Every structure is written in C-alpha cells, then in structure tokens.
Amino acid sequence: MELRQLEHFVAVAEEQHFTRAAERLAVSQSGLSASVRALEHELRTPLFSRTTRSVRLTEAGRALLVEAERTLAGAQAAKDAVDAVRGLLRGTLTVGVEQCVAGVSPARLLAAFHRAHPHMEIRLRQEGTTSLLDGVADGRLDIAFAATVSPLEWRGELVPLAREPMVVLCAPGHRFAREAAVAWTELAGESFIDFHPDWGPRRAADEAFAAAGVRRTVALEVNDVHSLLELVHERLGIAVVPQHFARKPEARRLVAVEPGPHRPVYESVVVLPPAVVMSPGARALMTLVGTDGRR
C-alpha cells in the first residue's frame, strides 16, 4: 500500500466522483481508477459502490477513510518536521476559531504568520467550541482559538487569552435599559436571542442561568454576531453576551446592563494538542500570538 494510493482513494471519497478527483489531483482518470482498483485488490474488498451516476463508500471504505486521512496527515507532519529543523516551514497550517473570540485578531495573526512563513498554506475553519476541541483532538486542526473550555474537556494545553464579564444587551426601549444592574430572577420570562449551544458565549450563559437556578427560553438562535445584534435592535429579545460585543459598531445604540449577583465570565483560550504531537506550524503561530495577534 502506497501513500499515493491513499491520496487517490481519499480524493475519490471526498469528491464522490472519479473525474473530479482526477482533475483535482491532476492525473488521468484511467490512472486514478487503476490505482483505486489496485488498492481494492490488495485489501480484497470493494471500497466504493459504483453506479453510472454516483460513487459511494462501502462500509470497508468508510473504515479505511479514517485511517487513510490519519496516515496522510502523519506523513505530512513528518515532512514538515524535517523542514522545520532546516529552518524552512512548509506544508499546511489548519486553524480553528470561534467567531469574534476575545483576545486575538485571527486576521492580523494569520497575516503576520503568512509574512513570516510564506511557503506555508493556511486554512481557517470557523466552528463552535466542541467542534474545535474535537478537531484538535483528531488532528483535523493544528490549533484552535475557542471560548469557555473546561479543563476537564481537554487533556492537551490551554493557553489563556482573555477573561471578561458578560452583560445583558437590550434595546433602548426595553424595561432593563434604565437599570444599572438586573437580578437573575428578573430575567425569567424574557425572550432571549443566543447562539448555537456549541458556541462559547452560549455555553457561558447557559452555565450562569443554571447556577442561578433560573430557566430561560432561547426563542431565536443564530450563528453570527451581527444577526444577534440586529435582532436585539429590533426588540425581538435580549441577549447575554461577552462585554466586548457591546463595543462593536453595530451595538452602539444598544444598552449593556450588568447581571447579578455572580456575574458570569467569558474566557477565551488557545487550544493546543499535547506538546509531543504539536505541529511546527502551530508552534510558529504561538510565537506570534502575544505580539502580532492581540486585539
């Protein structure tokens, strides 16, 4: 079994089409088909279920795909490690980030990394906290910037980025807008706008309400900060968000009110794999976090 065969197999699995996979790899379709057939012959089982219109993985193919991706990633990591010793970073750096994570500017950070290591390909994935943790754990991500991560959830390294209080955000005409602070019990019965449960700010808010013993209704669930702020502007609900959200230009006419007692805290961290498996690209990026990447 050769790495080239695994590369061909993964490309067909991802494209679900031999022609598109061949175009992506810049090889002939006949050569690609022969490579996959040779792999199937060696493993003594079909890896794809083929029809005139589709190509689907068999059960054996699905099992191989997991190990093939891991093997190819390991091979690339080995090449990258040798290049790093030579002082030349090559390969791919895959970064995961939560939207509007506090304490770091991904755009500035990645721009600085690109200037320092122009031969490295950068890939960015925007996901929620749980997905980011899973991505670093399974090697799909080299490094991630996440929020509200419990040390019990992650056995690798967590590097603190920022820590800030959360606020209740409401429209100027709301009954809380004239208050300096609002008790948790007063929030009961309000309609809330919040993110997907996997997002760090949502996790922090859910934990705070649970600790206060107050049930709440998330009526409107969004996947981006700007939509949340717009919905609050339109008085469709209120939101419990990290304090820096209230400083965004889109939030300038909204009112931030302190919840209490026991004000919830939003924390952002860098999620790193154990040092023994950390990629050279991730190590290089971390050297820039404290200098070029801070907000």
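Structural remarks
- Built amide H within the under 5 Å cut-off of residue 222, gap 5+: 194, 195, 196
- In the chain the Cα-Cα distances spread across 10 Å bins starting at 0 as 6, 23, 24, 21, 16, 9, 2, 0 percent of all pairs.
- In this rough spin-label picture, where each label sits 7 Å from Cα along the Cβ direction, the residue 284-residue 116 distance is 0.9 nm.
- Loop-resident trypsin sites (Lys or Arg not before Pro) (DSSP state other than H, G, I, E or B) in the stretch 125-215 with no more than 14 further Cβ atoms inside 10 Å of their Cβ: 155, 175, 178, 215.
- If you wrap the stretch 3-83 in the convex hull of its Cα atoms and look at it from every side, the mean projected area works out to 5.5 nm².
- Efficiency of FRET from Cβ geometry, residue 26 and residue 51, R₀ 25 Å, rounded to 0.05: 0.45
- In order along the stretch 178-184, phi translates into HN-Hα couplings of 8, 9, 7, 8, 9, 7, 4 Hz, rounded to whole numbers, per the Karplus curve 6.51 cos²θ - 1.76 cosθ + 1.60 with θ = phi - 60° and x for Gly and Pro.
- Förster radius 35 Å - calculated FRET efficiency between residue 152 and residue 71, Cβ distance, rounded to 0.05: 0.70
- The stretch 88-148, relative contact order [Cα under 8 Å, separation at least 6], %: 51 percent
- Between residue 188 and residue 219, the contour length at 0.36 nm per residue exceeds the alpha carbon distance by 9.8 nm.
- Relative contact order [Cα under 8 Å, 6+ residues apart], the stretch 8-61, whole percent: 31 percent
- A simple rule links phi to the HN-Hα coupling: the Karplus curve 6.51 cos²θ - 1.76 cosθ + 1.60 with θ = phi - 60°, which for the stretch 128-141 gives x, 4, 4, 5, 5, 4, 4, x, 5, 5, 8, x, 5, 10 Hz, with x for Gly and Pro.
- Pairwise label distance in nanometres, residue 181 with residue 92, each label 7 Å out on the Cα-Cβ vector: 5.1 nm
- Förster radius 30 Å - calculated FRET efficiency between residue 230 and residue 107 (Cβ-Cβ, nearest 0.05): 0.85
- Each Cα pair under 8 Å and six or more residues apart adds its separation to the average, and for the stretch 138-295 the resulting relative contact order is 43 percent.
- Helix-only mean residue ellipticity at 222 nm for the chain, each DSSP H run of n ≥ 4 adding -39500 (n - 2.57), per residue, nearest 500: -12500 deg cm²/dmol
Values in this text are rule-based calculations from the coordinates and carry no lab data. Predicted model, so just to flag it, every value in this text is computed and none were measured. Ideal geometry is used to build each Cβ from the backbone, glycine not excepted, and the neighbour counts take in all protein chains shown.
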